[in-house]
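Written below as C-alpha coordinates is the structure these notes are about.
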Amino acid sequence: MKSNKLIVFSGPSGTGKTTLVKYVLNKFSKIQFSISATSRQPRGQEKDSEDYYFLNNEEFKKKVKNQEFIEYEEVYGGFFYGTLKSELNRIWGINKIVIFDIDVVGGINIKEMFPKETLSVFVMPPSVEILRQRLIERGDVSRDEIETRIEKAKKELDFASKFDNIIINTDIKESKKNTFSIIKDFIENE
Ligand code: 5GP
(Lines give C-alpha, C1' and ligand atoms only; values in the text may rest on other atoms or scores of the structure.)
Protein backbone atom coordinates (compact mmCIF):
# COMPACT_ATOMS: atom_id res chain seq x y z
CA MET A 1 0.00 0.00 0.00
CA LYS A 2 1.42 3.36 -1.00
CA SER A 3 -0.32 5.49 1.59
CA ASN A 4 -2.32 5.13 4.76
CA LYS A 5 -5.91 5.28 3.62
CA LEU A 6 -9.11 6.03 5.48
CA ILE A 7 -12.81 5.55 4.76
CA VAL A 8 -15.41 7.51 6.69
CA PHE A 9 -19.08 6.52 6.91
CA SER A 10 -21.15 9.24 8.52
CA GLY A 11 -24.77 10.20 8.69
CA PRO A 12 -27.55 10.56 11.19
CA SER A 13 -28.21 7.75 13.64
CA GLY A 14 -30.59 5.17 12.10
CA THR A 15 -29.70 5.72 8.44
CA GLY A 16 -28.09 2.31 8.09
CA LYS A 17 -24.46 3.38 8.12
CA THR A 18 -23.50 0.64 10.60
CA THR A 19 -25.08 -2.00 8.35
CA LEU A 20 -23.11 -0.66 5.38
CA VAL A 21 -19.85 -0.55 7.34
CA LYS A 22 -20.37 -4.19 8.39
CA TYR A 23 -21.06 -5.09 4.77
CA VAL A 24 -17.80 -3.43 3.67
CA LEU A 25 -15.84 -5.28 6.36
CA ASN A 26 -17.29 -8.57 5.12
CA LYS A 27 -16.45 -7.88 1.50
CA PHE A 28 -12.99 -6.33 1.75
CA SER A 29 -10.39 -8.04 3.92
CA LYS A 30 -8.04 -5.11 3.40
CA ILE A 31 -10.29 -2.87 5.48
CA GLN A 32 -10.41 -2.81 9.28
CA PHE A 33 -12.88 -1.16 11.63
CA SER A 34 -11.70 1.75 13.76
CA ILE A 35 -12.91 0.92 17.27
CA SER A 36 -13.87 4.20 18.92
CA ALA A 37 -13.62 4.95 22.60
CA THR A 38 -16.80 6.01 24.38
CA SER A 39 -17.87 6.95 27.86
CA ARG A 40 -21.38 5.53 27.39
CA GLN A 41 -22.40 2.13 28.76
CA PRO A 42 -22.43 -0.97 26.51
CA ARG A 43 -25.84 -1.75 24.96
CA GLY A 44 -27.27 -5.19 24.17
CA GLN A 45 -24.63 -7.58 22.85
CA GLU A 46 -21.88 -4.95 22.56
CA LYS A 47 -18.43 -6.11 23.58
CA ASP A 48 -15.52 -4.10 24.92
CA SER A 49 -12.61 -3.74 22.45
CA GLU A 50 -14.86 -4.99 19.62
CA ASP A 51 -17.68 -2.49 19.28
CA TYR A 52 -16.07 0.23 21.39
CA TYR A 53 -13.39 0.72 23.98
CA PHE A 54 -15.72 1.42 26.88
CA LEU A 55 -14.12 3.93 29.27
CA ASN A 56 -15.49 5.71 32.30
CA ASN A 57 -15.56 9.51 32.37
CA GLU A 58 -12.28 9.74 34.26
CA GLU A 59 -10.43 7.44 31.88
CA PHE A 60 -11.81 9.29 28.87
CA LYS A 61 -10.81 12.71 30.23
CA LYS A 62 -7.34 11.46 31.09
CA LYS A 63 -6.81 10.36 27.49
CA VAL A 64 -8.07 13.75 26.26
CA LYS A 65 -5.57 15.47 28.54
CA ASN A 66 -2.76 13.24 27.29
CA GLN A 67 -3.73 14.11 23.68
CA GLU A 68 -4.37 10.48 22.83
CA PHE A 69 -7.31 11.29 20.51
CA ILE A 70 -7.17 12.47 16.92
CA GLU A 71 -10.76 13.63 17.37
CA TYR A 72 -13.37 13.35 20.08
CA GLU A 73 -16.77 14.81 20.75
CA GLU A 74 -19.70 14.91 23.07
CA VAL A 75 -22.08 13.29 20.59
CA TYR A 76 -25.15 12.86 22.80
CA GLY A 77 -25.82 14.60 26.11
CA GLY A 78 -22.96 13.87 28.45
CA PHE A 79 -21.43 10.98 26.53
CA PHE A 80 -18.10 11.24 24.78
CA TYR A 81 -16.96 9.42 21.67
CA GLY A 82 -13.55 9.59 20.05
CA THR A 83 -10.90 8.04 17.85
CA LEU A 84 -7.61 7.13 19.50
CA LYS A 85 -4.34 7.75 17.66
CA SER A 86 -3.26 4.28 18.77
CA GLU A 87 -6.21 2.80 16.84
CA LEU A 88 -5.07 4.29 13.54
CA ASN A 89 -1.50 3.16 14.16
CA ARG A 90 -2.72 -0.35 15.03
CA ILE A 91 -4.57 -0.66 11.71
CA TRP A 92 -2.02 1.07 9.49
CA GLY A 93 0.67 -0.98 11.24
CA ILE A 94 -0.79 -4.15 9.71
CA ASN A 95 -1.09 -2.45 6.31
CA LYS A 96 -4.85 -2.15 6.29
CA ILE A 97 -7.27 0.62 5.41
CA VAL A 98 -9.20 2.17 8.30
CA ILE A 99 -12.99 2.47 8.18
CA PHE A 100 -14.94 4.71 10.57
CA ASP A 101 -18.57 4.63 11.65
CA ILE A 102 -18.63 8.09 13.08
CA ASP A 103 -20.92 11.08 13.53
CA VAL A 104 -21.04 13.87 10.94
CA VAL A 105 -18.78 16.40 12.68
CA GLY A 106 -16.21 13.69 13.45
CA GLY A 107 -16.35 12.56 9.81
CA ILE A 108 -15.73 16.06 8.50
CA ASN A 109 -12.83 16.49 10.94
CA ILE A 110 -11.16 13.29 9.73
CA LYS A 111 -11.55 14.36 6.10
CA GLU A 112 -9.99 17.75 6.93
CA MET A 113 -7.09 16.09 8.73
CA PHE A 114 -6.37 13.63 5.90
CA PRO A 115 -7.93 15.21 2.79
CA LYS A 116 -6.14 13.19 0.13
CA GLU A 117 -6.12 9.88 1.96
CA THR A 118 -9.79 9.87 2.99
CA LEU A 119 -12.89 8.72 1.15
CA SER A 120 -15.90 10.18 2.95
CA VAL A 121 -19.40 8.79 2.49
CA PHE A 122 -22.58 10.34 3.83
CA VAL A 123 -25.46 7.92 4.39
CA MET A 124 -28.77 9.70 4.12
CA PRO A 125 -32.31 8.57 5.02
CA PRO A 126 -34.98 8.92 2.30
CA SER A 127 -36.84 11.29 4.68
CA VAL A 128 -36.85 12.40 8.30
CA GLU A 129 -40.16 10.56 8.85
CA ILE A 130 -38.68 7.28 7.61
CA LEU A 131 -35.66 7.85 9.84
CA ARG A 132 -37.94 8.26 12.88
CA GLN A 133 -39.77 5.07 11.93
CA ARG A 134 -36.51 3.13 11.63
CA LEU A 135 -35.28 4.33 15.02
CA ILE A 136 -38.58 3.26 16.59
CA GLU A 137 -38.38 -0.18 14.93
CA ARG A 138 -34.76 -0.64 16.02
CA GLY A 139 -36.03 -0.35 19.58
CA ASP A 140 -32.70 0.20 21.33
CA VAL A 141 -33.22 3.77 22.52
CA SER A 142 -36.07 5.53 24.36
CA ARG A 143 -38.71 7.71 22.65
CA ASP A 144 -37.09 10.80 24.19
CA GLU A 145 -33.72 9.83 22.83
CA ILE A 146 -35.26 9.19 19.40
CA GLU A 147 -36.50 12.79 19.30
CA THR A 148 -33.03 14.03 20.36
CA ARG A 149 -31.51 12.02 17.53
CA ILE A 150 -34.08 13.33 15.03
CA GLU A 151 -33.29 16.92 15.98
CA LYS A 152 -29.58 16.20 15.54
CA ALA A 153 -30.29 14.44 12.22
CA LYS A 154 -32.06 17.51 10.81
CA LYS A 155 -28.94 19.60 11.45
CA GLU A 156 -26.60 16.91 10.16
CA LEU A 157 -28.38 16.63 6.81
CA ASP A 158 -27.12 20.12 5.96
CA PHE A 159 -23.55 18.81 5.93
CA ALA A 160 -24.07 16.11 3.30
CA SER A 161 -22.47 18.21 0.55
CA LYS A 162 -19.15 18.24 2.42
CA PHE A 163 -18.73 14.51 1.73
CA ASP A 164 -17.19 12.84 -1.33
CA ASN A 165 -20.21 10.58 -1.84
CA ILE A 166 -23.83 10.51 -0.73
CA ILE A 167 -25.80 7.28 -0.46
CA ILE A 168 -29.55 7.72 -0.03
CA ASN A 169 -30.47 4.54 1.75
CA THR A 170 -33.95 3.78 0.46
CA ASP A 171 -33.28 0.15 -0.37
CA ILE A 172 -30.46 -1.55 1.50
CA LYS A 173 -29.67 -3.96 -1.38
CA GLU A 174 -29.22 -1.03 -3.75
CA SER A 175 -27.17 0.86 -1.17
CA LYS A 176 -24.86 -2.12 -0.70
CA LYS A 177 -24.32 -2.26 -4.48
CA ASN A 178 -23.44 1.45 -4.58
CA THR A 179 -21.18 1.07 -1.58
CA PHE A 180 -19.35 -1.85 -3.19
CA SER A 181 -18.48 0.09 -6.32
CA ILE A 182 -17.45 3.26 -4.45
CA ILE A 183 -15.13 1.31 -2.16
CA LYS A 184 -13.72 -0.86 -4.95
CA ASP A 185 -12.79 2.24 -6.97
CA PHE A 186 -11.12 3.81 -3.97
CA ILE A 187 -9.11 0.72 -3.07
CA GLU A 188 -7.98 0.02 -6.61
CA ASN A 189 -6.99 3.60 -7.18
CA GLU A 190 -3.76 3.43 -5.13
P1 5GP B 1 -24.09 4.99 19.42
O2 5GP B 1 -24.23 5.45 20.85
O3 5GP B 1 -25.42 4.81 18.74
O4 5GP B 1 -23.17 3.79 19.28
O5 5GP B 1 -23.33 6.14 18.62
C6 5GP B 1 -23.78 7.46 18.65
C7 5GP B 1 -23.08 8.25 17.58
O8 5GP B 1 -21.69 8.42 17.86
C9 5GP B 1 -23.13 7.61 16.19
O10 5GP B 1 -23.51 8.61 15.24
C11 5GP B 1 -21.72 7.15 15.97
O12 5GP B 1 -21.41 7.09 14.60
C13 5GP B 1 -20.95 8.24 16.69
N14 5GP B 1 -19.55 7.86 16.97
C15 5GP B 1 -19.07 6.62 17.24
N16 5GP B 1 -17.76 6.66 17.42
C17 5GP B 1 -17.36 7.95 17.26
C18 5GP B 1 -16.09 8.63 17.31
O19 5GP B 1 -15.04 8.03 17.53
N20 5GP B 1 -16.09 9.96 17.09
C21 5GP B 1 -17.23 10.65 16.83
N22 5GP B 1 -17.11 11.95 16.60
N23 5GP B 1 -18.44 10.06 16.75
C24 5GP B 1 -18.51 8.72 16.98
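The values are calculated or read from the model by the stated rules, or taken from the named source; none is laboratory data. If you're wondering where the values come from, they're calculated on a predicted model, not measured in any experiment. Quick reminder, even Gly has a Cβ in these numbers, built from the backbone with ideal geometry, and neighbours come from all protein chains shown. Ligands, DNA and RNA are stripped out before the accessible areas are found, and what is left, the full protein with its side chains, is counted by its heavy atoms. Shrake-Rupley method; radii C 1.70, N 1.55, O 1.52, S 1.80 Å.
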Computed Rg/Rh of the range 11-75, alpha carbon atoms with Kirkwood Rh: 1.00
The chain - mean residue ellipticity at 222 nm from DSSP helices (-39,500 (n - 2.57) per run, n ≥ 4, rounded to 500): -13000 deg cm²/dmol
Accessible surface of the chain [probe 1.4 Å, protein heavy atoms]: carbon and sulfur percent: 48 percent
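What is the Rg over Rh value, at two decimals, for the range 1-115, using alpha-carbon atoms and the Kirkwood definition of Rh?
Radius of gyration over Kirkwood radius for the range 1-115 works out to 0.94.
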Packing-based order for 30-41, 5-16, using average beta carbon neighbours within 10 Å, highest first: 5-16, 30-41
Mean separation of Cα contacts under 8 Å, 6 or more apart, over the residue count of the chain: relative contact order %: 32 percent
Cα-based Kirkwood hydrodynamic radius, the range 90-178, one decimal, Å: 14.8 Å
Solvent-accessible surface ranking, highest first, for S175, S49 at 1.4 angstrom: S49, S175
Shape metrics for the range 81-140, restricted to C-alpha atoms - Rg then Dmax, Å: 15.1, 42
Positive-end residue of S181, L84, F54, charge dipole of the range 6-188 with Cβ unit charges: S181
The range 78-121 versus the range 143-190: alpha-carbon centroid distance in Å: 16 Å
